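Everything on this sheet refers to the single structure shown next.
The values are calculated or read from the model by the stated rules, or taken from the named source; none is laboratory data. Since we're looking at a predicted model, the values are computed, not measured. Note: ideal-geometry Cβ built from the backbone for every residue, glycine included; neighbour counts use all protein chains shown.
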Amino acid sequence: MNDEFLYKNIDNKKVKKFIDKIPQDIKNNCRLKKVEKGKIVVLKESPIEYMYIHCKGQMKVRNEFENGFVYDFASIEPISYIGAIEIMASKDLYSSTLQATTDSIILEMDKNDFVKWIKKDQELTLDVLCFVSNSMYKQSLKTGEVLAYPALCILINYLINIFESENKDEVIIKKTREEIGSILGFSVRTINRNLKILKEENLVTVNRKGIFITKEQCKKLYKKLNSIK
């Protein structure tokens, strides 16, 4: 880890103390990364290669379910262990999507290095246990306060914004399902499922070239959006 500029921009003393105590052989494989506001840090159901230490800024946890609804939970702040729950449960995929709500800084660590370190450091084990316990406790208290809405709502809003930004009577969106999913924080499966709904209702036209939207379809998308809000 050699990014002194980002390290100096971390103003949380607890975070700096944490970074300083990382064993040198593990620290050599770590790197600090800046995450811009709105960017996805990890995407639900994507493979876990790294765990991340949240060092600066705020992020929100998003979870999507088969019923088409998306749940945004309260924001998390440093120090947070992103991926720790999944790694300690021997899972290979992230269970939730994490998105930066402010410009943030994270520390990227190989998941195998994290496991090796936590097996040797009881203090780290206790810290991670406290983080997991606090997260679960806060979630149980705020069950009725999470924001829930259909994923279809977010996709329609995205398509309308793209159409209006082009200022044309017909617009083609050439982004892949993976790219759209990455932008919105959804899995490809969720994008496919909701695009199929819009296609079947003739609100968009989908083919190999991309997603086509006409001016008339955009008006219908507005009506659809208002009906499901």
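Values as computed for the structure displayed
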| item | result |
| --- | --- |
| Residue within region 180-195 that is at pLDDT 85 or above, more than 20 Å from the chain's Cα centre (by Cα), surrounded by 14 or more Cβ atoms within 10 Å (Cβ to Cβ) and not small (Gly, Ala, Ser) present | yes |
| Selected residue (criterion: modelled with the lowest pLDDT) from residues of region 20-66 that are out of contact with any strand residue (DSSP E or B) (no Cβ under 9 Å at 6 or more places or on another chain) and in a loop (DSSP other than H, G, I, E, B) | GLU66 |
| Residue within region 75-94 that is at pLDDT 90 or above, under 30 Å from ILE197 (Cα atoms) and crowded, with 18+ Cβ neighbours inside 10 Å present | yes |
| Top-ranked residue in region 102-135 [being among the hydroxyl-bearing types (Ser, Thr, Tyr) and exposed (fewer than 15 other Cβ atoms within 10 Å of the Cβ); ranked as nearest to VAL41 (Cα to Cα)] | THR102 |
| Within region 2-16, tally of residues that are of a type in the set (Val, Ile, Thr) and in a helix (DSSP H, G or I) | 1 |
